[in-house]
1. Just a yes or no: is a residue in segment 32-53 assigned to a helix (DSSP H, G or I), of a type in the set (Val, Ile, Thr) and either modelled with pLDDT under 75 or surrounded by 11 or more Cβ atoms within 10 Å (Cβ to Cβ) (or both)?
2. Is it true that some residue in segment 54-73 is in a loop (DSSP other than H, G, I, E, B), open to solvent by 80 Å² or more (accessible area, probe 1.4 Å) and modelled with pLDDT of 75 or more?
Amino acid sequence: MIKKEVGAWIWLTGSLAELSPLDRRTIEHAATVMALELLRAGSVAETAWKQSGEILSGLLTARGPASLSFIGQAEGTGMTCHYFTPSS
C-alpha cells in the first residue's frame, strides 16, 4: 500500500496453505523489491515532470543568451526544440 492506496497486486496460483516457509519468505521479498521499484519509477517520473515544467517556463520567459541555455537543457533531456527567427 502506498499512502493508503493499493499500488500493485501479486497474484499466486494455488493455495496459500501449500506454500512452504521459504516460499512465503520469497514472496515477501519479491513484494519488497516491487514496492521499491514502484517508488523509484514514481520518483523518476515526478522529477522528469518537474524538470520539464521548469524548462518550459524558462523557454517561454527567457530572452537572449538565457533562452539558449534552456534550449540546451531541453535538448539534453531528449526534447526536440524547433525555434525560429522572426522576419522583419
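1. Checking segment 32-53: not a single residue is assigned to a helix (DSSP H, G or I), of a type in the set (Val, Ile, Thr) and either modelled with pLDDT under 75 or surrounded by 11 or more Cβ atoms within 10 Å (Cβ to Cβ) (or both).
2. no
The values are calculated or read from the model by the stated rules, or taken from the named source; none is laboratory data. Keep in mind it's a predicted model, so treat the numbers as computed, not measured. Counting neighbours? That spans all protein chains shown, and the Cβs are built from the backbone with ideal geometry, glycine included. Areas reflect the complete protein model, heavy atoms only, side chains present, ligands, DNA and RNA absent. Shrake-Rupley method; radii C 1.70, N 1.55, O 1.52, S 1.80 Å.
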